[in-house]
Amino acid sequence: MFEIKYKDGAGRAGVFEVHGKKLEMPYLFPVINPKRQVLDVKEIEELGFNGIITNSYIIYRDPALRQSALEGGIHALLGFNGVVMTDSGSFQLYQYGSVEVSSREIVRFQDEIGVDIGVILDIPTPPDVGYERAERDLEETLTRAKEAARLSRKMLLAGTVQGSTYAGLRERAASGIAALGFDVHAIGGVVPLMEEYRFADLARVILHAKLKLGHAKPVHLFGAGHPVIFAFASLLGCDLFDSAAYALYARDGRYITARGTYKLEELHELPCSCEVCAEHSARELKGLEAEEREHLLAKHNLISCLEEIKRVRQAIYEGSLWELVEQRARAHPALLEALRVLKGYSAQLERLEPVTKRSAFFYSGMESLSRPAVARHIERLSWIERRGAELVLLPDCEKPYSRTYRLTSSERYHVCIASPVFGIIPLEIEETYPLTQHEGVATLDREQIAFMRRVIAEYAQRFTKVHYHTSLGFLGIEGEAFDEVSQFRFEGGEELKLRALADYQLGRGAGEVLFAGAKAEYSRRTGRIRRAFVDGELVATLRASDGIVVPTIAGAERLLRLRYPRCRVVVAEEARQFAKEGKSVFAKFVVDCDPEIRAMQEVVVVDESDELLATGTALLSAGEMLEFERGVAVKPRHRRR
Ligand SMILES: [Zn+2]
């Protein structure tokens, strides 16, 4: 049972409940070797892990272990009561070319020994093999998946997506696996990509699998056990990881950090303050007996992995996962390459990107310009009803811009900031996320200048005349330069502003139905619009923190004049009464919704005959709320009296 609590990018933080035991996601399973374990399971548990993964094939092949597992169960064998996941021998299949067990037999065995999450015996196809082989392997994996999915069992089962480095095969595999009702979706065959630092290919493999896997099941990225990749893979929607690296690296004297790996012998300092590194100097660690050194290194390595997973969860919670990924991308050019790959998948990623976050948008270099939030902003500029015949462009400055410039747009002038981060920011919408909450640099990158030119040139086509402040001469804008801002001074564009905000946040035409003839009430403290009235009736409030338009019930009634299913979340008859009483709308009762709904957007809740029940905040995107069987889709705000 899988429930999302917070989202950022395509990343999800939430809870995966397995047989009454809860894993916080994203979650990392430490790999336990049933024969030779460098870190005691108890030690692993004490670090805070409540789920581990081990290899059922090794147990199956060893008569003593097998006997013991069959008699007492896997939990007793490992001395661990948390979630036990097992691999099926696919790794051995990859390493040695064959295994001495059938898929059916090893799935049965995993279930018999009481595993919590088992895995099918898929065929791991290496990268770059011929297409025919990749396709043949994939067909075999899908045949096995179908067979395994039919077996009756107590354990949860993971189905694995293969397909080598072929995008089309990965998509086919994902469609096939998604149709079989597995509890966990795994992405396999990526270890060689990890080992060869082919993170760009890894990104493509994940993105193509995710495209067809749907949203409702946790996704396990098999064999991606190094912290350099956790933030990245989480951003793309991977929820579960396993790490054998912590132990394998320790054996080789390698020291793992979230920025990369060091050889212990080359370390002058231990750049970490975990219990191992706090109690030992680099020199002491080097001088230890091999076995003790391996043990301590493994412990440090695993703590390093855990820390990064926690950092990722925190980043998802606060909405700074893109920033974390961009930081991590600076650790190795291969990661930077992977980040640049994402640019080509902007539309796919935008659908899952929340519309507002707890933390600000931090520009960290030219790659930030390719984030979905920027592409969305530019797309949504075209949603705003066109007003003003002449475009006035002002340079970026301290926010809020209107306080510096003392200007608003008018019927004649459309006033915008030439923004080095978002290209162009109409003053009317400056107070909404992510426009107010963004931080950039004063000295511009060449790419930023090219980006501004492109966005402004495209935008300027909508206007008969362009006025630009002389300081923007470097942009080579066609138009008339000016020095004196006050000539454009105009008071009272509040209806215009409200309408632009609604269009930008809720889609074309929302401003007109919600705010035609609106009057604003301003906050005495901030001077910003706080509430909006039409004919004396309160239709919406504006959230101070992020400028989000929150419609009242009267406002929601107006929004329903937009064509079905715009702005709507439709609940099933059985949940109608709950929604009407102002209770949360659970995803399993959502029967339809506006496909443009994004997480954290304000929505109107209606029943199947399009009757207004309530308003609320979507916690999931449209695609997610239609697919999920668990968790809250809409957090209630106002209910119809
Ligand atoms: Zn350490």
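Amide H to amide H, with H built 1.01 Å from N, V119 comes under 5 Å of T86, A158, counting only residues 5 or more places away or on other chains.
Cys residues of the chain that find no other Cys beta carbon under 4.7 Å: C238, C274, C305, C397, C416, C567, C593.
Highest mean first, how do 571-581, 276-286, 372-382 rank when packing is the count of other Cβ atoms within 10 Å averaged over residues? Show your work: numbers first, answer last.
Working: 571-581: 16.6, 276-286: 15.1, 372-382: 18.7.
The most tightly packed comes first, giving 372-382, 571-581, 276-286.
Which shape class applies to segment 296-336: rounded if a/c is under 1.5, otherwise prolate when a/b exceeds b/c and oblate if not, where a ≥ b ≥ c are the square roots of the Cα gyration tensor eigenvalues? Note, shape of segment 296-336 comes out oblate.
The mean sequence separation of alpha-carbon pairs under 8 Å and at least six residues apart, normalised by the residue count of the chain, gives a relative contact order of 10 percent. Relative contact order for segment 2-347 using alpha-carbon pairs under 8 Å, separation at least 6, rounded to a whole percent? Here the relative contact order equals 18 percent.
Within segment 361-488, the proportion of Cα pairs with more than 26 Å between them is 13 percent. Comparing P227, L211, V374 along the charge dipole axis of the chain, the residue lying farthest to the positive side is V374, per the Cβ-charge model. Across segment 226-317, Cα-Cα distances exceeding 19 Å account for 37% of all pairs.
The equivalent ellipsoid of the chain has semi-axes of 49, 29, 21 Å, largest first, where each one is the square root of 5 times an eigenvalue of the Cα gyration tensor. Farthest towards the positive end of the charge dipole of the chain, among the residues L23, H438, I113, is the Cα of H438, using unit charges on the Cβ of Lys, Arg, Asp and Glu. Let me check I've understood the local charge: for L506, count other residues with C-beta under 15 angstrom from its C-beta, Lys and Arg +1, Asp and Glu -1. What total comes out? With Lys, Arg at +1 and Asp, Glu at -1, the neighbours total +3.
State the percent of C-alpha pairs, over all pairs in segment 517-594, separated by a distance greater than 21 angstrom. Walk me through the numbers on the way to the answer.
Details: 1284 of 3003 pairs.
Summing the P(r) tail past 21 Å for segment 517-594 gives 43 percent.
Taking only the Cα atoms of segment 142-192, the ratio Rg/Rh comes out at 0.99, with Rh defined as the Kirkwood radius. Where the alpha-carbon atoms of segment 563-641 are placed on the principal axes, they occupy 29, 28, 20 Å, in descending order.
Peptides 438-448, 202-212, ordered by how many other C-beta atoms sit within 10 Å of their residues on average, highest first, read 202-212, 438-448. Ordering 423-429, 630-636, 471-477 by mean Cβ neighbour count within 10 Å, with the highest value first, yields 423-429, 630-636, 471-477.
The simple spin-label model puts a point 7 Å past each Cα toward its Cβ; for A544 and R358 those points are separated by 2.0 nm. Would you mind getting me the FRET efficiency between H332 and E581? Use the beta-carbon distance for r and R0 = 56 Å, nearest 0.05. According to the calculation, E is roughly 0.60. Once divided by 2.2 N^0.38 Å, the Cα radius of gyration of segment 2-347 becomes 0.95. What does the C-alpha gyration tensor say about the overall shape of segment 43-185? Classify as rounded when a/c is under 1.5, otherwise prolate if a/b is larger than b/c, or oblate. It is prolate, given that a/c is not under 1.5 and a/b is the larger ratio.
Along its first, second and third principal axes, ordered by size, segment 426-508 spans 33, 29, 23 Å in Cα coordinates. Equivalent-ellipsoid semi-axes for segment 494-641 (Cα gyration tensor, √(5λ), whole Å, largest first): 26, 14, 14.
Look at the Cα gyration tensor of segment 342-416: its axes a ≥ b ≥ c give a/c of at least 1.5 with a/b over b/c, and that counts as prolate.
For a modelled paramagnetic label at R406, 7 Å from Cα along Cα-to-Cβ, the residues of segment 475-518 in reach, with backbone nitrogen under 13 Å, are 485-491.
Values in this text are rule-based calculations from the coordinates and carry no lab data. Predicted model, so just to flag it, every value in this text is computed and none were measured. Please note: Cβ atoms are built from the backbone with ideal geometry, for glycine as well, and neighbour counts cover all protein chains shown.
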